[in-house]
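To keep things clear, I will list the structure first and then write my remarks on it.
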Amino acid sequence: MANLSFYLEQAVKDGASDIFIIAGGPVSEKLGGRLKKLGEERLLPPDTRALITEIYETAQRDMARYVSCGDDDFSFAVPGLARFRVNAYMQRGSFAAVVRVVSFTIPDYKAIGIPERIMELAEADHGMILVTGTAGSGKTTTQACLIDKINKTRDCHIVTLEDPIEFLHRNDKSIISQREIAVDTADYLSALRACLRQAPDVILLGEMRDPETIRTALTAAETGHLVIGTLHTKGAVNSIDRIIDSFQSEQQAQIRMMLSAVLRTVVSQELVPGTSGERVPAFEVMHVNNAIRSMIRDNKNHQINNAIAAGGSEGMITMDQAMIELCRNGMITKETAVDYAYTPDLVARQL
């Protein structure tokens, strides 16, 4: 079995997104959405324990929480190589981990396929922007590109609350405070409450997990801050439903009012297989206009998709329209467009 450095260097050299260290098979990497073995030797539980202990030593992190809880999230950097985000966990009584490879530099948004309609969101100065999608859909990268653009073009104080920190930002025109949950602060809620006393102009909230954090984020957006938040949801309408449904039924009318007042844009994204072998990002964009604001307020969320589909002149696009656009531009196949569409039959007919 090779040591940790070999696997990290190989993954960075190959351009892999993740490394898998799990007993029962060889160390593997994810490359273009597919798994590739980094050797033939099957790992035994002592092997995974040795590799993950080496990760903790490299990160200079205590293993006590991992051993007691069975889960741990953290990040570390290898100078001259890359940053790595680790989720260490127990499976069938043995040590296991998935390691995400994160570049030291913020990627060029044009090179990775983020359209201008997304980057224009960096010009917003108040309200709430949600970046949503399933795990591994590229939300963190999109947020990092937005923060990078704000940093390069505006004089403001940006506070990021992340678990863990992935991309490192250097002060440019803005001042950036990056706080890692469980390292620099106890949890998202206490960090967000403290953040409101740190004169922020822009707040990046790595995850909106519970009703209290969501309510505090809505209040921050109400009081003139720009809040960029993340939800693990698929589609703009599901994101709105998730926020409202996280509250008790007697509180939902008030949350609908708050959300309709402060929500500016919901970006929902997917990473889909491209014709060139690379993964291509697809974006659904919903800007909250007066019609959508009324739908949120009046609990008519089922009508929102039609409003997005009709809002092309305002910069809106549904995921189905995004798939059709990518297919017609030759970036994805018709089969991929249909597979990843929200309404496959409709997309198949249009193509």
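The values are calculated or read from the model by the stated rules, or taken from the named source; none is laboratory data. For clarity, every value in this text was computed on a predicted model and none was experimentally measured. No Cβ is skipped: glycine too gets one built from the backbone with ideal geometry, and neighbour counts run over all protein chains shown.
A few notes on this one:
- Residue satisfying all of: in region 54-76; of a type in the set (S, T, N, Q) and out of contact with any Asp or Glu (no Cβ under 7 Å at 6 or more places or on another chain); surrounded by the most Cβ atoms within 10 Å (Cβ to Cβ) among these: Thr58
- Residue selected from region 277-311 under the condition free of Cβ contacts under 8 Å to residues at least 40 places away in the same chain and of a type in the set (Gly, Ala, Ser), by the criterion nearest to Asp14 (Cα to Cα): Ala309
- The residue pairs whose first member lies in region 150-171 and is of a type in the set (Lys, Arg), whose second member is part of a loop (DSSP other than H, G, I, E, B), and whose beta carbons are closer than 9 Å, counting only pairs six or more residues apart or on different chains, are Lys152/Asp172; Lys152/Lys173; Lys152/Ser174; Arg154/Asp125; Arg154/Lys173; Arg154/Ser174; Arg154/Asp201.
- Within region 27-47, the set of residues being surrounded by 18 or more Cβ atoms within 10 Å (Cβ to Cβ), touching a residue at least 12 places away in the same chain (Cβ under 8 Å) and closer than 18 Å to Arg100 by Cα comprises Val27, Glu29, Lys30, Leu38.
- Any hit, region 275-282, residues being at pLDDT 95 or above and charged (D, E, K, R): no
- Contact map, region 312-323: first residue at negative phi, second residue polar (S, T, N, Q) and outside any helix (DSSP H, G or I), Cβ cut-off under 8 Å, separation 6 or more or different chains; pairs are Glu314/Asn289; Met319/Ser268; Asp320/Thr343.
- Of all residues in region 243-254, those being under 17 Å from Thr132 (Cβ atoms) and either buried (at least 17 other Cβ atoms within 10 Å of the Cβ) or touching a residue at least 24 places away in the same chain (Cβ under 8 Å) (or both) number 3.
- The criterion of being in the same structural domain as Ala221 (by TED's automatic domain parsing) and hydrophobic (A, V, I, L, M, F, W, C) holds for Ile296.
- Filtered residue count, region 122-153, keeping only those that are more than 19 Å from Met258 (Cα to Cα), among the hydrophobic types (A, V, I, L, M, F, W, C) and under 9 Å from the mean Cα position of the chain (by Cα): 1
- Count of region 278-322 residues, restricted to those that are among the hydrophobic types (A, V, I, L, M, F, W, C) and not in a strand (DSSP E or B), is 13.
- Each residue in region 19-37 was checked for being more than 19 Å from Ile55 (Cα to Cα), of a type outside the set (Lys, Arg) and in a strand (DSSP E or B), and 2 pass.
- Residue tally, condition of a type in the set (S, T, N, Q), in contact with a helix residue (DSSP H, G or I) (Cβ under 6 Å, 6 or more places away or on another chain) and part of a helix (DSSP H, G or I), over region 233-255: 1
- Selected residue [part of a helix (DSSP H, G or I) and assigned by TED's automatic domain parsing to the domain that holds Leu130] from Thr230, Thr275, Thr219, Thr265: Thr219
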